[in-house]
Amino acid sequence: MISQLFVLSQRGDNIVFRDYRGEVQKGSAEIFFRKVKFWNDGGEGDAPPAFNVNGVNYFHVRVSGLLFVATTRVNVSPSLVLELLQRIARLIKDYLGVLNEDSLRNNFVLVYELLDEVIDFGYAQTTSTEVLKSYVFNEPVMIDAARMPSLGPAAIFMQGNKRMPGTAITKSVVANEPGGRRREEIFVDVIEKISVTFSASGYILTSEIDGTIQMKSYLTGNPEILLALNDDLNIGRGDYRSSYGSGAVILDDCNFHESVHLNSFDIDRTLTLVPPDGEFSVMNYRMTQEFKPPFRINALLEEAGLLKAELILKVHAEFSSSITANSILVQMPVPTYTTRVSFDLEPGAVGNTTDYRESSKTLEWGLKKIVGGSEHTLRAKLTFAQEPHGNITKEAGPVSMTFTIPMYNASRLQVKYLQMAKKSNTYNPYRWVRYVTEANSYVARL
Amino acid sequence: MAPPAQSQRSSSPSQPSGKSEVSDLKLQLRQLAGSRAPGVDDSKRELFKKVISYMTIGIDVSSLFGEMVMCSATSDIVLKKMCYLYVGNYAKVNPDLALLTINFLQRDCHDEDPMIRGLALRSLCSLRVANLVEYLVGPLGSGLKDSNSYVRVVAVIGVLKLYHISASTCVDADFPSTLKHLMLNDSDTQVVANCLSALQEIWSAEATTSEEASREREALISKPVIYYLLNRIKEFSEWAQCLVLELVAKYVPVESDEIFDIMNLLEDRLQHANGAVVLATIKVFLHLTLSLTDVHQQVYERIKAPLLTLVSSGSPEQSYAVLSHLHILVMRAPYIFSSDYKHFYCQYNEPSYVKRLKLEMLTAVANESNTYEIVTELCEYAANVDIPIARESIRAVGKIALQQYDVNAIVDRLLQFLEMEKDYVTAEALVLVKDLLRKYPQWSHDCIAVVGNISSKNVQEPKAKAALIWMLGEYSQDMQDAPYILESLVENWDEEHSAEVRLHLLTAVMKCFFKRPPETQNALGAALAAGIADFHQDVHDRALFYYRILQYNVSVAEHVVNPPKQAVSVFADTQSSEIKDRIFDEFNSLSVVYQKPSYMFTDKEHRGPFEFSDELGNLSIGGEAADNVVSAQSVEANDKDLLLTTSEKEETRGSSTNGSAYTAPYDSSSTSVFASQTRIESEISNPTSAGHAPQASLGIDDLLGLGLPAAPAPSSPQLKLSSKAVLDPSAFQQKWRQLPVALSQECSVSPQGVAAFTGPQALPRHMQSHSIHCIASGGQSPNFKFFFFAQKAEETSNYLVECIINTSSAKAQIKIKADDQSTSSAFSTLFQSALSRFGIP
C-alpha cells in the first residue's frame, strides 16, 4: 500500500503532493530529491527506482522530465508500485493531452481529482479512463501546442507523414474539438526498439527487437475492433529455430493488454479487443531472430605520427531509398588523454554537426537525416597529450548510434488490417497505422 | 490559473512563507462566503485553486480553515472536491474546526447523487480526528449497504480508515464481519478487493490480541475463499488481481491435483502486459510447486520467456523491478538459464544498477560451454568509460575463474588486464590474481612472472597494494626482487596511510625473511621497529607479537606466520543460504530488489498482512507469543514438504553446477535486535500456575523473593527450565539464524514413542509437560519436523531445538542452539530424556 504520492519537477518542486495514509513524514519529498540528486556522488551511478531511507521506501519513475514518486513503509511489490506510477503518468497524459511541467501546473487540481480516484488509502482502485471519466470533473486546460517542444514519437510522425494532423496524438481523451464534436479516430503505432552489437570485424554479436503495438483510441461507444497481424507470424523459438530465411516472422515471446481476446489468434493471427479510452499497449513482443540492421557502421582509428591519430567513421544506410531516418547521433569515446579533435566532413554534407565533449572525452556526430541507401563519412584528427600505452583501439570506443526511422520496422511484423467488428455504413472512423524504429542500444566495437 | 510564481515555491524558513498572501486569501474568501452573486462559484474556484497550490508547495494555509468551510456550501462539485481535499489535509491539526465540516459532510452522505455520497463519505473518513469517530459509524453503515457500488467501494476503505483512527469503534460496530459478508457476496469486484485489503490489515493487527481474529485471518487463505476469488480472477482489475494472487501464494493446497488446477487456471496471467500481475502469478507458481521438484523446474522454464519480455518492454524502472526478480531466479538455478546468457549482456546506455545485476547473472550462469563468450564480453566492459562498471566486470571475470575447473584461458585474460596499464584495471586484477593463487597455487609460476613486472609505485589502492604485498611475501622465493621491493616499501612506511597495507607488509616481510633470511634481515628489522612505533593499535600489536615470537623461537615463529597452506576450495558466500531462502520466500517484494529479507529494512508494525505466518519460511507457526499454547490449527498444516527448506531442496536436486552447496558461516549482518523478552513479567503475573513442572516452581519462588531454599531436588538434573517460557516466532527465527549449532545429535525413539506418534500434535503436548515448548511443526508420516524452545528458569537464556523425527527408522536428529553454550549438553540430556519418555504413560 502506498503512503504518499507526489510529482516533482526537474528542479525538485512539488507539483502535486497527496498523502494517503499519514505514515510518512511530510518532508519526504525533500529527502527523496536530495537522495536522488546526490546519489551519483558515491560513484554508484543513478539512483535505482526503489530505495530505502530510514525505513521509508521511495519509488520513482521519470516521465517527460518529471519525477513520479510513491512512498511506503511496507514491503510491497515493487513492480506493482512502479507499474502504477507509470500508469498514473499515462493517465494524466491521456487527460491533459501533453504531459510536461507546464501542463501539470496548469491542471494540478484535475490531477488531484484523478489521484483521489486512482488510489484510496494507499490501495489502487482503478486506472481505467472510462471509469474515471464519470468521477473527474475538471476540464483540462490546454497549453499552447505550438509552444510545446516536440516530444517522443509524436514528433516523428509530424515530419514523416504529412497527412497526419500534427496535434492529433497530443489531444486529450476528454476534451472536445472546437466544433463541439469529437473526431472519431484511432491510432495504432508499431514501435520497435532495436539493439545490435557489432564486433570489431562487423559481425553481429547480438541483436534484439523489442516491439510494442500501441493504441490510442478516441472512439465513442467503445466498439469492438479486429486487428490482424501477419499470417506467417510465429511465437516461441525452439521449433522454428531453423526457419530463418523462410520469410516467417518469429517472435520469441509476447504479452497482451487485458482487453485483448486471443480466441482466434492461433488460427488467423487476429486480435479482438474493445479498446479502452486513451493510450495503451495492445501487445509487447520480443524477437531475437536475425534481421537486417538498418545501418552498418565502420570505424577505423589509426595512429598518425607522434601524439596524433586519425579516425574514419562511416555509416551506411541499408534500407530502401524511399525511407529517411531522422535525428541520427553517433557517439564515440576517445582515449582519455585526447586534448583536441578536428573534424573533416565530406564535401557537400548538409545538416551535420560535430562536437568534441571534453568533459566526457566523447566525440559526437549528428545528422539530421539519412536517406536509405546512402553512405556518410566523418574524418577526425585526434591530438593526444601523452603517448598511447600501446593499442589505442583498446582505449577508445565503442561507437554508439541513436536514430529514429519512421515508416520502417525491422521485424517485418505488420498490422494487416484494423476493422470495426460491427460494420455500419455511416460509421467510418479515421484509422491510422504507423511504424517507427528506434535505436535502443546500437553499438559497434573497435 | 497561472502556476505560482517562483518566489512562492520556496518554503525555506528565511522566506516570508507566503504569510501576506494567506491573509489576502482569507479576506477574499470571507467576502465570497455569504455571496450569492452570479459567477461567485467561478471566483471561488480560482481562490480554492490558489489555496490548494499553496498547500502543495508546503505553505501552511491551515489558518484559512474556517473560511474554507464557510465557502463550502455549494452545489459545484469541483468546488466541493477541492474543499474536501483541503479539509482532509488540515482536519488533523484543527480538530475543533473539523467539527464544523461534519455537518455538511454528513448531509452530503445522504445526497441523491451516488457520487456525492461517495465523495462525502470518503472525506468524512479521511479527517483522521479521533473524537469525531462517533459521526462515522452511521454513514459508514449505510454506505456499506448502499445500492451504488461506488459508494460501497468507498465505504469499505472507509471502514479501514476508521479502524486506524479508532480500532475499538470499528470492531464494536461489527464492521469486520460486515466486510467479510460483502467480500463473499458482493457483485462488484472492486468492493470484494477492497474488503480483502481491509480485512487483511484489520485481522493482522487484531491477531496479536485476539484468538478469533487470528482464526479469521487464517480463514482468508482457506480453500473456499481462495477458490471463490480464483474463479472470479478475470473480473478483477489488474491491481486487484495482484492482491488476490498475493493471497493465493500463501495458500497450501491439500491435494496435488489442486496445484495443477490452480496453475492451469492462472496460466494465461503469465502473458499479461502488466509486470505486477505476471510476477504475482509467478510467485504463486513457485510457491505451489516447492514440494514438486520436477514441476518446480518446469515452472522456471515456463516463466523465463515472459520475464525476459517484461525486462525488455516498458520503462527502465519497470524493467529493473522485473530484472531483480529474474536475478534471484538465476542465482537460485543458474543451470536453467545458462543458454540465455546473451540476454544478460549489458547495453552501453543502461543505468548502472541494471548493469550490476546483469554482471552478477553473467557470472552465475557461466559454465563450460559459455564461459569463453561470457569472459570475452566481460573483457569488453573492462575498458568501459563507466569505471565502477569496468571494475565490476573485472571482478566478474575473477569470480568466474574461481568457479571454473578449467581456468587456463581466464588466467591469460586476467594477466592481460595487468598489462593494460590502467590504474583501476591493474588494481582490480591484482586482487583477483591474489584470490586465484589462493585457490590454484599451481598457477603461481605464470602469474608471478607478470606480477613481478608491476611496479609497486603504480599501485595506489590499498586493497590492490595489500594483494601485491601478499604475493611478494608468499612467493618471495620465486621473485628475484621481492626482498628489495619489500625493503623499499618499508622505507616509505610513514607515507603508507592504510593500516591494512601496513599489516600486510609486516606479514610479508616476515614470510620473506623465513625464505631468504640474509637478504631480508635489514628490512625485517626496519619493519618491526616502524611497526612497534606505529600509532595504529593493530599494527603495533602485530609488530610486537612478531618481535616477541621471533625472540622466543624462530622456527615456532615460522610455523605460526608461514605455515604450509592448503588451497582454498570455496570462498565464502557473502549471503547465507538461510537469508537467500528468506528472500525467495518474499518473492515479488522489495526484499528481492534490496537483496535483504524484510525484517532488515522494515519496522515490525509495517511488515504487512500475513507477514507473521511467513515466519520460519513455510513452516506454520504455533502458539501466539502471549499465551504460550500451541494452537490447534498450526499443526494441521499439510504441506507435504515441510521438512525441506528450499536450500535443502536445492541440495537434494544435486545439480548445483558451481559447487555452491557450501553453506557459508552465519552472516553477521543478519543479526538484529531481539524482540524483548516478556518472560519475567509473565512469571510474576502467574505465580500460582507453575503447575506440572515442579522443578520450575522453585525458580519462580526464588524470583519472587520468598527466600525459600533453592536446593535442587536430587533426582532432577542440574538444569531447570521455565515452564512459562515465552518466545515469539520472529524472535525465535532471529535467534535461530544468529546462533551457531551448539550440539547436533542423533538418538533413537523408543518403540512406544513411535507407536504414540499418531501425528505431529502429540509430541508438542508431551514435551510441554517437560517445559519444552513447540513453536512450529509439520510434516507427514514418516518424517516430522519440529522447532522447540525452552528457557532456563532463573535467567533469560534460551535453548532452541530443531528436531527431525523419522518414525520408520525410529530415529531423531536433534540440533540445539543455545544462548549459553556451556549448558547446551545439559539441556540436550534433558531434552533426550523427555523425548525418551514419550509414549510411556
Under 21 Å from the Cα of B:Lys145 - lysines, other chains or at least 8 residues apart: B:Lys161, B:Lys180
The helix A:28-38 Cα axis meets the longest alpha-carbon principal axis of chain A at an angle in degrees, between 0 and 90 and rounded to 10, of 10 degrees
Which loop GluC sites (Glu not before Pro) in the stretch B:373-444, with loop taken from DSSP, have no more than 16 other Cβ atoms within 10 angstrom of their Cβ? B:Glu421
The ³J(HN,Hα) series, computed from each phi in the stretch B:818-825 with the Karplus coefficients 6.51, -1.76 and 1.60 at θ = phi - 60°, rounded to the nearest Hz and given as x for glycine or proline, is 9, 4, 10, 4, 5, 9, 5, 6
The stretch A:4-133: Rg to Rh, with Rh as the Kirkwood radius over Cα pairs: 0.95
In 10 Å bins starting at 0, how do the alpha-carbon pair distances of the stretch B:354-416 split up by percent? 24, 60, 15, 0
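Where only protein heavy atoms count, and the probe is 1.4 Å, what is the accessible area per residue for the stretch B:221-303 in Å²? Spell out each step's value before the answer.
Numbers: 2850 Å² over 83 residues.
Accessible area per residue: 34 Å².
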Filtering chymotrypsin sites (Phe, Trp or Tyr not before Pro) in the stretch A:347-446 by DSSP loop and by at most 12 other Cβ atoms within 10 Å leaves none
With contacts defined as alpha carbon pairs under 8 Å and 6 or more residues apart, what's the relative contact order of the stretch B:138-267 in percent? 17 percent
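Hey, got the average number of other protein chain Cβ atoms within 10 angstrom for residues in B:582-594?
4
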Buried accessible area between A and B, both sides, 1.4 Å probe, in Å² rounded to 100, is 7400 Å²
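Suppose every Lys and Arg Cβ carries +1 and every Asp and Glu Cβ carries -1, with no other charges. What dipole size does the stretch B:453-574 come out with about its Cα centre, to the nearest 20 debye? Don't skip to the end; give the middle numbers.
Numbers: 10 positive and 16 negative charges, 62 e Å.
Magnitude of the dipole: close to 300 debye.
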Where does helix A:108-118 land angle-wise versus the long Cα axis of chain A, in degrees 0 to 90, nearest 10? 70 degrees
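Find the all-direction average of the projected area of the Cα convex hull for the stretch B:316-370, expressing the result in square nanometres with one decimal place. Can you show the working numbers first?
Working: hull surface 13.9 nm².
Averaged projected area of the stretch B:316-370's Cα convex hull equals 3.5 nm².
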Amide H within-cut-off set for A:Asp120, under 5 Å, with H built and near neighbours excluded: A:Gln125
Any chance you could check the stretch B:45-59 for residues losing 40 Å² or more of accessible area when the partner protein chains are in, compared with the chain on its own (1.4 Å probe)? B:Lys49, B:Thr56
Shielding by partners for B:722-734, please: the mean number of other protein chain Cβ atoms within 10 Å of each residue's Cβ. 0
How many angstrom lie between the C-alpha centres of the stretch A:365-383 and the stretch A:102-117? 45 Å
Arrange the peptides B:127-135, B:227-235 so that the one whose residues have, on average, the most other Cβ atoms within 10 Å appears first. B:127-135, B:227-235
In the stretch A:314-446, what is the volume of the convex hull around the alpha carbon atoms, normalised per residue and reported in Å³? 147 Å³
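Can you give the convex hull volume per residue for the Cα atoms of chain A, as a whole number of Å³?
Working: hull volume 82.4 nm³, N = 446.
So the per-residue Cα hull volume is 185 Å³.
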With the dipole of the stretch A:4-133 worked out from charges on the C-beta (+1 for Lys and Arg, -1 for Asp and Glu) around the Cα centre, which of A:Tyr123, A:Val98, A:Val53 lies farthest toward the positive end? A:Val53
Cα-derived Rg to Rh of the stretch B:221-303, Kirkwood definition: 0.93
In this model, which of A:Lys37/B:Lys580; B:Lys358/B:Lys399; A:Lys314/A:Lys369 are farther than 20 Å apart at the alpha-carbon? A:Lys37/B:Lys580
Can you give the mean number of other chain Cβ atoms that lie within 10 Å of the Cβ atoms in peptide A:249-257? 5
Taking the C-alpha atoms of the stretch B:729-836, how large are the radius of gyration and the largest Cα-Cα span, Dmax, in Å? 13.1, 39
At a Cα cut-off below 17 Å, give the lysines reachable from A:Lys361, other chains included and same-chain residues fewer than 8 away excluded. A:Lys308, A:Lys381, A:Lys394, B:Lys422
Which residues of the stretch A:269-315 show a drop of at least 30 Å² in accessible area when all protein chains are present, compared with their chain alone (probe radius 1.4 Å, heavy atoms only, ligands and nucleic acids excluded)? A:Asn284, A:Arg286
Any idea how far the Cα center of the stretch B:532-570 sits from the one of the stretch A:318-355, in Å? 62 Å
Rounded to whole angstrom, the alpha-carbon centroid of the stretch B:19-37 lies from that of the stretch B:575-595 at a distance of 56 Å
In whole percent, how big is the carbon plus sulfur part of the accessible area of the stretch B:420-575, probe 1.4 Å, protein atoms only? 51 percent
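Taking all protein chains in place and a 1.4 Å probe, what share, in percent, of the accessible surface of chain A do carbon and sulfur account for? Spell out each step's value before the answer.
Details: 8750 of 18250 Å².
Whole-percent figure for carbon plus sulfur exposure: 48.
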Within straight-line cross-link reach of B:Lys439, aspartates and glutamates at Cα separation under 19 Å, skipping those fewer than 8 residues along the same chain: B:Glu368, B:Asp406, B:Asp412, B:Glu428, B:Glu474, B:Asp478, B:Asp573
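Of the trypsin sites (Lys or Arg not before Pro) in the stretch B:27-79, which ones lie in a loop per DSSP and count no more than 16 other C-beta atoms within 10 Å?
Details: sites: B:Arg30, B:Arg36, B:Lys44, B:Arg45, B:Lys49, B:Lys50; in loops: B:Arg36.
Sites meeting the loop and neighbour criteria: B:Arg36.
The values are calculated or read from the model by the stated rules, or taken from the named source; none is laboratory data. Here the structure is a predicted model, which means the values were calculated and not measured. As a convention, Cβ positions derive from the backbone with ideal geometry for all residues, glycine included, and neighbour counts pool all protein chains shown. Heavy atoms of the whole protein, side chains included, go into the accessibility calculation; ligands, DNA and RNA do not. Shrake-Rupley method; radii C 1.70, N 1.55, O 1.52, S 1.80 Å.
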